[in-house]
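Report on one structure; see the data block that follows.
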Amino acid sequence: RIYQRKLFAEQEKRYIADPDIVLGNPMSPVLVADCKYKVLDGAPEHSDVYQILAHCDAFNSRYGLLLYPGEAREHQILGFSRNQVQIHWATVRPKVLQDDLAAVVSSLLHGTAGSAPRRMRRPKRQSR
């Protein structure tokens with residue numbers, strides 16, 4: 001793999017971040033993506049989200065994208081990490097992968113992806 005980064009300085013060969021796609025300057029990419037070879041069942045699995053967050057941290061990327069095969073192209077924002085990394089997931093059609101991937105990346109970078117459900121906040125108590 002061309003784009004690999006160690007996650008820990010002390011264990012540089014054991015824990016390696018190696019995303020499938022790195023877009024932008026290799027020293028500070030705009031986007032890192034990881035391709036999954038399983039059908040998405042509703043929402044990304046915890047382990048997939050943790051993996052893309054580790055890739056984003058290792059590459060100092062603002063955007064992370066999980067890609068899954070699907071019958072139709074769909075793209076959603078999963079949310080923001082505490083470090084303000086924006087995580088997305090998308091399904092792409094393998095037969096038109098290049099077109100779907102280009103559309104997903106374009107919508108991600110231009111902020112036109114579907115939004116994640118917002119957390120309900122408790123109403124503030126009124127002071128007396």
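Computing the accessible area with a 1.4 Å probe over protein heavy atoms, can you report the carbon and sulfur percentage for segment 26-93?
51
Would you please give the residues with an amide H less than 5 Å from that of Tyr15, counting only those at least 5 places away or on a separate chain, with H modeled from the backbone geometry?
Leu7, Phe8
What is the gain in length, in nm to one decimal, between Tyr37 and Asp20 on full extension, counting 0.36 nm per residue of separation less the C-alpha to C-alpha distance?
In short, 4.9 nm is gained.
Compute the length gained on full extension between Asp99 and Met27: take 0.36 nm times their separation in residues and subtract their Cα-Cα distance, giving the result in nm to one decimal.
23.3 nm
The values are calculated or read from the model by the stated rules, or taken from the named source; none is laboratory data. Predicted model, so just to flag it, every value in this text is computed and none were measured. These area figures cover heavy atoms from the full protein model, side chains too; ligands, DNA and RNA do not enter into them. Shrake-Rupley method; radii C 1.70, N 1.55, O 1.52, S 1.80 Å.
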